[in-house]
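Remarks on the structure that follows.
The values are calculated or read from the model by the stated rules, or taken from the named source; none is laboratory data. It should be emphasised that the depicted structure is a prediction, and the values quoted were computed from it without experimental measurement. Glycine also receives a Cβ, built like all others from the backbone with ideal geometry; neighbour counts cover every protein chain displayed. Remember, those area values only see protein heavy atoms, side chains included, never the ligands or the DNA or RNA. Shrake-Rupley method; radii C 1.70, N 1.55, O 1.52, S 1.80 Å.
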Amino acid sequence: MIARAQAQNYDEAKVPAYTLPDVLKTSDGQLVKNKPDWEKKRRPEVLTLFENNIYGQMPKTFDNLTYKVTNEVKDAMNGKAHLKEVTITVTKGNKSADIHLVLFTPNHVKKPVPAFLLINNRGKENTDPTRATKSEFWPAETVIESGYAVAAFHVSDGAPDNKNTYQDGILRLYPEQLETDNGMKAIGAWAWTASRVLDYFQKDKNIDAKKVFVVGHSRGGKAALWAGVQDQRFAMVFSNCSGNTGAALARRRFGETITRINTSFPHWFTNNYKKYNDNEAALPVDQHMLIALIAPRPVYATNATKDLWADPKGTYLSLINAQPVYALYKKPSGLSPEPPAINTAIINSILGYHNREGIHNLTTFDWQNFIRFANYHYPKKG
């Protein structure tokens, strides 16, 4: 921590001059002016740049997907919710991997319902299905009372968050990814796992699979963004304090940098990403382009005042610089030119944001604003 504090920049005056890549300019210099050209030309180009340089390829095939309900309580939360614990088994060749899902759906509301899906990068006790332990990291009761389903899986099912054992999750099914410099690693594996949960939601009659919102905090927030980019079935993305290689611009070199993230977590991103250590200007993309790849779907990003490591200003600038792609879809944002006041949320917008007072965490305040944002984009009927 001491070394980290000494090495990183927290002074706006020391942010280097930088030029962001133009999200609407193709590799051959053509300016994209409409939605068809974005979708047919520029979007695939930008997506490939992120795959090859940062997050890795996303495997598209597997042999079989099965679902088994291992525990069910129809009157959980004092009768307010229906609990299901589901094991999702993915098989490819002679190997399989299990994903363990915790899912609560609200009782006494019309089904099917929209769902929030958390990519849980904290301890499993944070998503305790018994509710003996309650955590504001996943305030399931609050979400249920708002009329939404709430679900979670742990990152270790996708890839253990360890540089020596990350291969022991779903990457056992795709060993070829480990052999190439643009192969998927842990962050990609977590995003891939979120998509397999969405596959299950399409089979669950209580879930409106067209209204599933993927949520992540910190490294989970990075994975949530990548899941939303890769899988356009996700209706909305919530990225909480995701910082470098999440929602914050890399070129600002504020807080966490590419060098630091690749050094501390060499198992998160492609081998190719290490080419950009202390070399951000050479990157053919920046994180505003990642958010733009989610268009026209809503994105909500957050920060915390005591979490400069995640670069609040750089996160807001990513949202601002993603706006031109949303404009192609006639989806103007309600972002103000400057970031909003502390604890003030921008809700009535295709791109939402708040900077909460406090530390690097996922809190009830964050979730309450996620619910408000969901209510705005998917208002309850009747």
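Just a few scattered comments:
- Within the range 154-231, none of the chymotrypsin sites (Phe, Trp or Tyr not before Pro) combine a DSSP coil assignment with at most 16 other C-beta atoms in a 10 angstrom radius.
- For the chain, a Gaussian network of Cα nodes joined below 10 Å ranks Val299, Val215, Val86 by mean-square fluctuation, and the top entry is Val86.
- Modelled spin labels at Thr19 and Arg172, positioned 7 Å past Cα toward Cβ, are 4.9 nm from each other.
- Counting only residues at least eight positions apart within a chain, or on another chain, the aspartates and glutamates with an alpha carbon under 12 Å from that of Lys313 are Asp11, Glu12, Glu338.
- Projecting the Cα positions of Asn348, Phe50, Gly255 onto the charge dipole of the chain (unit charges on Cβ atoms of Lys, Arg, Asp and Glu, taken about the Cα centre) puts Asn348 furthest along the positive direction.
- Between Gln8 and Lys74, the FRET efficiency estimated from the beta carbon spacing at R0 = 51 angstrom works out to 0.55.
- Oblate is the label for the range 332-372, because a/c, from the alpha-carbon gyration tensor with a ≥ b ≥ c as root eigenvalues, is 1.5 or above and a/b does not exceed b/c.
- Overall, the chain carries a charge dipole of about 880 debye about its Cα centre when +1 sits on the Cβ of Lys and Arg and -1 on the Cβ of Asp and Glu, all other atoms neutral.
- All lysines inside 22 Å of Lys41 as judged from Cα atoms, apart from same-chain residues fewer than 8 positions distant: Lys25, Lys33, Lys60, Lys330, Lys331
- Rounded, prolate or oblate (a/c below 1.5 giving rounded, otherwise prolate when a/b exceeds b/c) for the range 87-193 by Cα gyration tensor: prolate
- For the chain, with all protein chains in place and a probe radius of 1.4 Å, 49% of the accessible heavy-atom surface sits on carbon or sulfur.
- Net length gained if the chain between Thr305 and Thr364 were fully extended (0.36 nm per residue, minus Cα distance): 19.7 nm
- Magnitude of the charge dipole for the range 1-86, about its Cα centre and with charges confined to Cβ atoms of Lys, Arg (+1) and Asp, Glu (-1), is about 220 debye.
- For the range 197-332, the equivalent ellipsoid derived from the alpha-carbon gyration tensor has semi-axes of 26, 17, 14 Å in decreasing order.
- Cα lying deepest toward the dipole's positive end in the chain, options Ser336, Phe201, Ser242, charges on Cβ: Phe201
- Per residue of the chain, the DSSP helices (runs of n ≥ 4 H) give a summed -39500 (n - 2.57) that works out to -7500 deg cm²/dmol at 222 nm.
- Shown here: the range 1-127, whose C-alpha atoms stretch 57, 45, 40 Å along the first, second and third principal axes, sorted largest to smallest.
- Loop trypsin sites (Lys or Arg not before Pro), the range 1-110 (other Cβ atoms within 10 Å of the site Cβ: 13 or fewer; DSSP): Lys33, Lys60, Lys110
- Computing FRET efficiency as 1/(1 + (r/R0)^6) for Thr263 and Lys381, where r is the C-beta to C-beta distance and R0 is 51 Å, gives about 0.55.
- Shape of the range 257-355, Cα gyration tensor, a/c cut at 1.5: oblate
- Working from label points 7 Å from Cα in the Cα-to-Cβ sense, the Ala341 to Asn271 distance is 5.3 nm.
- Formal net charge of residues neighbouring Lys74 (Cβ-Cβ distance under 12 Å; K, R +1; D, E -1): 0
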